[in-house]
Amino acid sequence: MLFENLKVNRVVVHEVFQRNEDKSIRSPVLADGLENLSPEALGAFRLRMTDALSGQSQSLEMRIARHGPGSFLELAESLAGSPATDFLAGSQAIANKLADAQMARRIPGGMLIVFDGTVGAKAQPFLGVIKAETQAGFRRSKDGSKAVVEFLQNIFLTPATRLYKIGLMLFEDTTKAKPDGRRAFVFDSNISVSNREAAAAYFYEGFLGCALPSDGPYETARFFDLTREFVRKSDLEPEKKRDVMDSLYVFVRDEQDPTFTAEQFGNRYLPQDMQDPFADFLNAKRFTPNAVVRDTSQMGNRLRRRRLKFGGDIELSASPEALKNKVQIEAIAADDGGVADAWTRITIRERLTGEQ
């Protein structure tokens, strides 16, 4: 969704802090009034939001996981379009909610900007929040006829660094039971479409009550990549690793069941003593234990070719079928007195037909 025709009505700025040494919460500094931004400042603010939320690489629509009493959605919906005094009080509650969510000492403080408005051709209401980290910088100005360079601290929302995270709740139809009729969007400069897990969980999960989107193409590709990583790092013998990798290609690409689970693959293709470590590995990577819709549409060439590396600069590339049916790979002892299994013999049941 492109955030066109975004209009900002009200803005409040609070400050939240890193937790104390004993991990206790340092109370936020709460604003006692709404910001009165100049037209120029409001235009720059609106442009920052539109650019960030409309981007395809670092902005995601997320699932609203928590929507009951005390949730961010419940609070946000009560504030969108509310009277000014209620908006200010509710924004203060949001600042305290963020301070609660920042449980780890490593999470930095920053400015919390709460704003509301409308977006799109239908002017749908929304409530947004920005966690903006501060930085230092320089500004050149004039003192009479003399140019002066000023050192400024606590600058935030600069376009160069993007040290900020955005959460936005859009209210399309509030007559529906929650969370239907509501949509959540998150911008985080650390995430990308192919690496969604880089998003700060304390912000989108602990604070906003959202969850990463679960869809077939993404989850199928992620299962494939994580399983390859696990097998490569395992202590399996090389030949057994190849067998498991062959099975992975077949499991993801060729099986006809519309859904699959990671447990199914582990039970079928991994030795019994590796099944629990495999489950623990996926759990640590926050891969869903639920059924995934099998969809390889976004996997490109990953299922068409396999590449095996030998040493530092030798590669063998083949389709999974050819590798299984026409290539024989075996470890052999070096003939120069080296350790066993130091070399590899490859037999290809085809003649040489070309060179690239």
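The values are calculated or read from the model by the stated rules, or taken from the named source; none is laboratory data. This structure is a prediction, so every number in the text was calculated from the model and none was measured. Cβ placement follows ideal geometry from the backbone for every residue including glycine, while neighbour counts extend to all protein chains displayed. In case anyone asks, the SASA skips ligands and DNA or RNA and just uses the protein heavy atoms, side chains included. Shrake-Rupley method; radii C 1.70, N 1.55, O 1.52, S 1.80 Å.
By accessible area, using a 1.4 Å probe on protein heavy atoms only, the range 214-303 has 44% of its surface on carbon and sulfur. Shape verdict for the range 18-136, please, from the Cα gyration tensor: rounded (a/c under 1.5), prolate (a/b greater than b/c) or oblate. Verdict is rounded for the range 18-136. Using a simple spin-label model with pseudo-atoms 7 Å out from Cα toward Cβ, Ile25 and Gln264 lie 4.4 nm apart. On the basis of the beta-carbon distance and an R0 of 41 Å, Ala342 and Gln298 show a calculated FRET efficiency of 0.55.
Between Asp257 and Leu47, the FRET efficiency from the beta-carbon distance, with R0 = 51 Å, is close to 0.60.
Of the listed pairs Lys176/Lys285; Lys178/Lys285; Lys122/Lys285; Lys97/Lys285; Lys7/Lys285, which have alpha-carbon separations greater than 32 Å here? Check vs 32 Å cut-off fails for Lys176/Lys285; Lys122/Lys285; Lys7/Lys285.
Surface analysis of the range 214-303 yields an accessible area of 55 Å² per residue, using protein heavy atoms and a 1.4 Å probe. With 0.36 nm allotted per residue and the present C-alpha distance subtracted, the Ala291-Lys241 stretch has 15.5 nm of extension available. Using θ = phi - 60° in the Karplus curve 6.51 cos²θ - 1.76 cosθ + 1.60, the 3J(HN,Hα) couplings for the range 71-77 round to 6, 4, 4, 4, 5, 4, 5 Hz; x is entered for Gly and Pro. Across the range 216-222, rounded Karplus estimates of 3J(HN,Hα) from the backbone phi angles (6.51 cos²θ - 1.76 cosθ + 1.60, θ = phi - 60°) give x, x, 5, 5, 4, 5, 5 Hz, Gly and Pro being marked x. With every protein chain in place and a 1.4 angstrom probe, the accessible-area ranking of Met49, Met274, largest first, reads Met274, Met49. Centroid-to-centroid, using Cα positions, the range 39-91 and the range 221-297 are 39 Å apart. In this structure the amide hydrogen of Arg63, modeled in the peptide plane, comes within under 5 Å of the amide hydrogens of Ala211, none closer than 5 places in sequence on its chain.
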